[in-house]
Each structure stands twice: as C-alpha cells, then as structure tokens.
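Structure first, then comments.
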Amino acid sequence: MNKFGDLKDKSIKELEAIAKQVRQKILETVSKNGGHLSSTLGATDIIVAMHAVFDAQKNPFIFDVSHQAYAHKLVTDRWDEFDTLRQFGGLSGYTKPKESDTDYYMAGHSSTSISLAVGAAKAIALNGEQGYRVPLAMIGDGSMSAGMVYEAMNELGDRKYPAIIILNDNEMSIASPIGALSRILSQSMASPFYQKFKTKTKEMLENLPQGATYLAKRFEESFHLITPGILFEELGLEYIGPIDGHNMASLKETLLLAKEMKRPVIIHVQTTKGKGYEVAEGVGKEHWHGVGAFDLNSGSALKKSAAKAATAIFSDVLLELADRDDKVVGVTAAMPSGTGMSAALEKYPKRFWDVAIAEQHAVTSMGPLAKEGFKPFCALYSTFLQRGYDQVIHDICLMNLGVAFAIDRAGIVGEDGETHQGVYDISYLRAIPNMTIFAPSSDGTMKLAMEFAKDFPTPCAFRYPRGAFSSYDEDTTPFELGKSHTIQEGSDVLLIGYGNGVGRALQTAELLKGNPTILDLRFVKPLDKERLIELAKTHKKWFVFSDSAKMGGVGSAILECLNEENIRDIKLETFEYDDTFITHGNTKLVEESLGLLPEQLAKRIED
C-alpha cells in the first residue's frame, strides 16, 4: 500500500517533506544493504514531482538503467518491503514489473529508455486509447553517451509521438559552458508564455512567402544557438530547461506544461549527485555511485578486509605489462574503476581510454590499433560485452585481429541480479571463428593468463569473477595454447574445472570420500583434446564446474569433443547454470538455491 497516498493531492511543501522522508529511508537502507546511492538521491525530487503530476499505473514510467528508481519504489507500494532491497528473495535494485504494476519495464543496462518510450508511444497511438497517456523516460547525462539514444530521438523527433524525456543532468556536462545567459533564457523557455509564443511563431512562418520564411527561420535558429537545447531542437524535439532539479515547484510546473504540449519534449533538469547526504554530494565522487554497507554518520565502509579481488590483480598486472611494453594499450566503457583500468588511465592517458557508455565503439576502435601493431586490452563486464557482440564478430574476429577481451564480473554477480549476471560470455563467444577463450583460476594464474594474452596474435578472451577467486593455487606453469593443467591425479572420477569453477571443484573434492582427479581445463576453445582423450580411457565419470550457462557452455564443448572422437562410454554431468535468468541476492544464497554449493555438489556426486 502507498504510504503517502495520491501525490497529486499534495501541496508543494508536502511534496518537499515527502522527498525528505524518501531520502532518509534510502540512506538508512543502502547503508545496511549496499546499493546505488548518489544517483538515486539526486533523482528523488524529480521522481516525487513525476508522481505528483502523472499516474504511474496509467502512464509508462521508464527509468534508464533504473538504478536511480529507489524513490519510485518508495512512493508507490513498497515502503514496508524496502528494507529487503537487493536481498535474496527481496526487492530488486532495479525496476521489475513482477514487483509492482507501476514498474513498466525491467532495466539494468543504460541508454534503452528513449527507445522504450518510442515503443510505448507507438503502442498507445495504435491502440487509439481513450484519454491521454504519455510515456515518461528519465535518463542520466552519462547514458546520453550511447548511440542508441540518438537513434531513438531521431525517430521520435521525426514521427512526433507524444513523449516526455527527462534528462537528469547531474554532472552539469551540457549546460555549464553556457552559464548565466543559459539559465536566464531557459527560465523563459520553461514558461507557458514562451511555448505558446513559439507555437504561434511556427504557424506564422508557415504562411509567410518563401523568402521571408527563410529569413525568419534563420533568425529563430540563431536564437537557439545560444541555448543548450539546439541539439534536441534539431532532432525535432521540443526543449525546456535547464531547470533546477531540486526545486519542487519548478519541477511540477514544468511537468504540467510538458503534459499539455502533447508532442515529444525533452526537459533538461540539473541535479546534484548524493543530494541530502553531504558526504556523497557533488561531482568527482564516483565511489558513491554504488556502495556496500557503510556507517551513515561517517560514510566509512563497514565491509571487513577480504582476499584481493580479481579486478585488482588485473589492474596491477596490466600496469606491469604497460610499463614493460609501450605497445600495450586499453579501453573501457565508463567503468574505469570497476574494471581496474583507472591506474593505467592515470599513468598512461595517451594509451588507455575511457570512451563512456559506448561498448560498440570501444570494441571496434581497438581493431585498428591491433592492426597497427599495438596490443589492446578491452576491459568490460561480461554483461556489458553483450552490447558489443556484433562488433566482436564483424570488426575484430572477421579481421582476425589481436584484441584481448578482459571479461570482468564473470559468473554470478550477487545483488545486481538478472540484468547483470555474467553467465553468457562463454556461450556467445565460443561460436565465433578465430576466437580463443581461456580463463585463470587463481591469483597466480591471472598473471599467467594476461601474459599469454599480451603475446597472443589473434582475438582472445579471458574471464574472471567479481570479488576474489575461490582458488588460492599459485601455479607457475605458463599458459600454452589449448593445454590444460592437471592439479591432482586420482581415482576414476574426474572433476573438470574452468576459471573460477576450479576453486569449486577443489572445495567439492575435499568433501568426497574418494580421491578424484582434478583438471584445470584453462582453455575452452581450443580444448585440450589430447588430454581429454587420454583421461577418457581411465576415467568414466566426469563432472564439470564452471560459472557459466549450461547451454553452449563448457560441458557442451566437452561433449562435442567426445562425440567428434566417437567416445561413448563417458557419463558427464555439468554443474553449470540451467536455462533460466538468475535472481539477485547474496551470492552464496543464490548458489545454494541453485544447488551449487560444494557440500550440495559433493552429495550429488556421491549419490
């Protein structure tokens, strides 16, 4: 039940008080559970104003990425459940229609909102519904760096479907160069008088002789050149702003105006990241974007020290390689700290690049560098590499260029859930000709894998988990193309581990009564056929451990090999993920629900 009732009945002061309560609830919950903080605090006033003007059950509310939509959850019907945010079996950290009919769409990746709004607007138009419905899309300025946004705006501006796009500019990246003049002009542009004047002017221009129309049009264009809205106006969208994203009266007035316009309009709203929590307020505080549990008074993290994360090892080794070889270069897409590329970007700013939220461009741009004799490392999360899949095929593998894809967050990623699980990369990369796929299994083998990748002349990809490896093996055997590594010789039971699955295989082996053979597969493409054929003669029960989708995964690759070699007497079971989307929550609880904890796997093997 909605704690606040219908916000459309509230005064401005009441709405401001509600926004304050919502912020406090977000702070209290995120400080305990972790989650996205600075962006959602900054968007709170906008969301409260949206609900004060529009009915979310009638009008599609679409949040880009949707990590900033906590306030939306709190002013709809989830106040009492909000303490379960990002917990196993609790509320998602993103919009999710299964939670509430006020969540129009499920989202977790950026730059999709305007396309969704265009689709919703088309459906509304085709249905010929009675009463006015309009999709509202909130998008951050960071998401505006992706090309999909402009594809959507191009069509929207051409077809003129009614839609409201709220640009949440929390970096002041668009308007700040214009300064005071822009603010004065934009305040005027947000007024009903200006919008009516503009409409009348267009009607008048249509009736003027051709020469006069041309001159009048040029005058109008020259006026818009000094406002920040020229890009959107040229794409055919009405532009209002920038307005203060923390002024409730201004927000409500502007949304009411946009509602009456009944055509595509973009409202440019300036907000402050972390609004209401001084420790996190303002720009340059990237670490407050997504946080773990922290002390609300001091802002200090509560998480205890843990084993070194795979990402941190990648960062250290990448810097070592760059120090030794000036041909080593790299790219990431808006995630420099998340992918561990910050240190290289800082030390070698001319050799490492953050290209913003543009995975397609990131992948393609590395191709010519490889062609020109450089060694590019393309560091992306598994879930985000999906966005550059065509480019991996068309621009890298087709040319057989030596780009190394460093795939972070492979496997289950915990609280981020369905939209971020890194489980598909093996399946979707294995089908591509010229692609070599391998994986480290520990801190020590991470360095070995990266040294192999640096010297490998054609496309390759290696994956590693969020957090620390589950294995602490410090093996020093160098990686050799298509060669596995035997960790332990044992009985006729064979445990095959790939990547972080090696650690799970080792943990499971400790719980078994027998003494199984344990193989670190290392390469899934090409497979070590020679070793597998040899093992097939003495081991008839094979169990595969890999943090990846079962369909097209490691088990599939091994079964294909056995079939090609006409080996029929092997009983193989793979402990990869079944064909379903995996929910959010603490990683151990999620794995337990999937039956993948070592004690569960040991029992399955013994049975």
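The values are calculated or read from the model by the stated rules, or taken from the named source; none is laboratory data. All values reported here derive from a predicted model rather than from experimental measurement. Heads up, the Cβs are rebuilt from the backbone with ideal geometry, glycines too, and the neighbour counts pull from every protein chain shown.
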Determine whether Tyr161 is among the aromatic types (Phe, Trp, Tyr), touching a helix residue (DSSP H, G or I) at 6+ places or on another chain (Cβ under 6 Å), over 30 Å from Asp354 (Cα atoms) and assigned to a loop (DSSP other than H, G, I, E, B). yes
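Only one of Ser115, Ser100, Ser110 is assigned to a helix (DSSP H, G or I) and among the hydroxyl-bearing types (Ser, Thr, Tyr); which? Give the derivation first.
Values: Ser100 fails: assigned to a helix (DSSP H, G or I); Ser110 fails: assigned to a helix (DSSP H, G or I).
None of the others qualify; the one that does is Ser115.
Which residue is surrounded by the most Cβ atoms within 10 Å (Cβ to Cβ), if the candidates are limited to the stretch 77-97 and must be outside any loop (DSSP other than H, G, I, E, B) and of a type outside the set (A, V, I, L, M, F, W, C)? Even if it seems obvious, please write down each step before you answer.
As a first pass, look at the stretch 77-97 and keep what is outside any loop (DSSP other than H, G, I, E, B): 82-84.
After this cut, where a residue has to be of a type outside the set (A, V, I, L, M, F, W, C) as well, the list is 83-84.
On the way: Asp83: 14, Thr84: 16.
Within the stretch 77-97, the match that is surrounded by the most Cβ atoms within 10 Å (Cβ to Cβ) is Thr84.
Tell me, which helices (runs of 4 or more DSSP H) wholly within the stretch 1-76 include 2 or more residues that are surrounded by fewer than 21 Cβ atoms within 10 Å (Cβ to Cβ), touching a helix residue (DSSP H, G or I) at 6+ places or on another chain (Cβ under 6 Å) and in the same structural domain as Ala280 (by TED's automatic domain parsing)? I'd like the intermediate steps shown before the answer.
Working: elements: 12-33, 38-42, 44-53, 70-74.
Fully inside the stretch 1-76 and qualifying: 12-33.
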Answer yes or no as to whether Glu129 is under 25 Å from Leu257 (Cα atoms) and out of contact with any strand residue (DSSP E or B) (no Cβ under 6 Å at 6 or more places or on another chain). yes
Would you mind telling me which numbered condition in (1) in contact with a strand residue (DSSP E or B) (Cβ under 7 Å, 6 or more places away or on another chain); (2) more than 18 Å from Ala410 (Cα to Cα) Thr574 fails? (2)
Is it the case that the stretch 282-301 has a residue that's more than 27 Å from Ala146 (Cβ to Cβ) and touching a Pro at 6+ places or on another chain (Cβ under 9 Å)? no
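Considering only residues of the stretch 418-460 that are part of a helix (DSSP H, G or I) and of a type in the set (Ser, Thr, Tyr), which is farthest from the chain's Cα centre (by Cα)? Before the answer, list the steps.
Filtering the stretch 418-460 for residues part of a helix (DSSP H, G or I) gives 418-419, 425-430, 443-455.
Retained after the next criterion (residues that are of a type in the set (Ser, Thr, Tyr)): 419, 427-428, 445.
Details: Thr419: 8, Ser427: 19, Tyr428: 18, Thr445: 27 Å.
Only one residue fits best here, namely Thr445.
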All but one of (1) among the hydrophobic types (A, V, I, L, M, F, W, C); (2) more than 23 Å from Phe479 (Cβ to Cβ); (3) in contact (Cβ under 8 Å) with a residue 40 or more places away in the chain hold for Val554, so report the exception by its number. (2)
Identify the single condition in (1) exposed (fewer than 13 other Cβ atoms within 10 Å of the Cβ); (2) of a type in the set (Gly, Ala, Ser); (3) in contact with a helix residue (DSSP H, G or I) (Cβ under 7 Å, 6 or more places away or on another chain) that Ala549 does not satisfy, given that it satisfies every other one. (1)
Scan the stretch 366-380 and tell me whether some residue there is buried (at least 18 other Cβ atoms within 10 Å of the Cβ), of a type outside the set (Lys, Arg) and farther than 20 Å from Phe456 by Cα. no
Of everything in the stretch 30-55 that's within 24 Å of the chain's Cα centre (by Cα) and of a type in the set (A, V, I, L, M), which residue is modelled with the lowest pLDDT? Leu37
Only one of Gly147, Gly108, Gly140 that is touching a Phe, Trp or Tyr at 6+ places or on another chain (Cβ under 8 Å), touching a residue at least 60 places away in the same chain (Cβ under 8 Å) and within 21 Å of His361 (Cβ to Cβ): Gly108
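Every residue, every condition in (1) in contact (Cβ under 8 Å) with a residue 12 or more places away in the chain; (2) surrounded by 13 or more Cβ atoms within 10 Å (Cβ to Cβ); (3) within 18 Å of Leu494 (Cα to Cα), yes or no:
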position	(1), (2), (3)
Asp569	yes, no, yes
Leu589	yes, yes, no
Leu601	yes, yes, yes
Asp607	no, no, yes
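Quick one: in the stretch 307-321, of everything that is hydrophobic (A, V, I, L, M, F, W, C) and in a loop (DSSP other than H, G, I, E, B), which residue is nearest to the chain's Cα centre (by Cα)? Explain how you work it out, then say what you get.
Restricting attention to the stretch 307-321, the residues satisfying the condition of being hydrophobic (A, V, I, L, M, F, W, C) are 307, 309-310, 312-314, 317-319, 321.
Now narrow it down to the ones that are in a loop (DSSP other than H, G, I, E, B): 307, 309.
Numbers: Ala307: 25, Ala309: 19 Å.
Filtering first and then ranking leaves Ala309.
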Please go through (1) free of Cβ contacts under 8 Å to residues at least 40 places away in the same chain; (2) part of a loop (DSSP other than H, G, I, E, B) for Phe469 and return the number of the only condition it doesn't satisfy. (1)
Could you check Thr477 against (1) free of Cβ contacts under 8 Å to residues at least 40 places away in the same chain; (2) among the β-branched types (Val, Ile, Thr); (3) farther than 29 Å from Asn434 by Cβ and say which number it fails? (3)
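Among the residues of the stretch 466-484, is there at least one that is surrounded by 24 or more Cβ atoms within 10 Å (Cβ to Cβ), within 22 Å of Ala549 (Cα to Cα), more than 24 Å from the chain's Cα centre (by Cα) and outside the structural domain of Phe405 (by TED's automatic domain parsing)? If you could, list the steps in order and put the result at the bottom.
Within the stretch 466-484, the first condition is being surrounded by 24 or more Cβ atoms within 10 Å (Cβ to Cβ), and the residues that meet it are 469, 471.
Subsequent filtering for residues that are within 22 Å of Ala549 (Cα to Cα) retains 469, 471.
Right, trim to more than 24 Å from the chain's Cα centre (by Cα) and you get 471.
Within this subset, residues satisfying the condition of being outside the structural domain of Phe405 (by TED's automatic domain parsing) are 471.
Yes; the residues of the stretch 466-484 include at least one that is surrounded by 24 or more Cβ atoms within 10 Å (Cβ to Cβ), within 22 Å of Ala549 (Cα to Cα), more than 24 Å from the chain's Cα centre (by Cα) and outside the structural domain of Phe405 (by TED's automatic domain parsing).
The rows are residues; the columns are (1) in contact with a Cys (Cβ under 8 Å, 6 or more places away or on another chain); (2) among the hydroxyl-bearing types (Ser, Thr, Tyr).
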{"position": "Tyr389", "(1), (2)": "no, yes"}
{"position": "Met399", "(1), (2)": "no, no"}
{"position": "Gly411", "(1), (2)": "no, no"}
{"position": "Ile432", "(1), (2)": "yes, no"}
{"position": "Arg463", "(1), (2)": "no, no"}
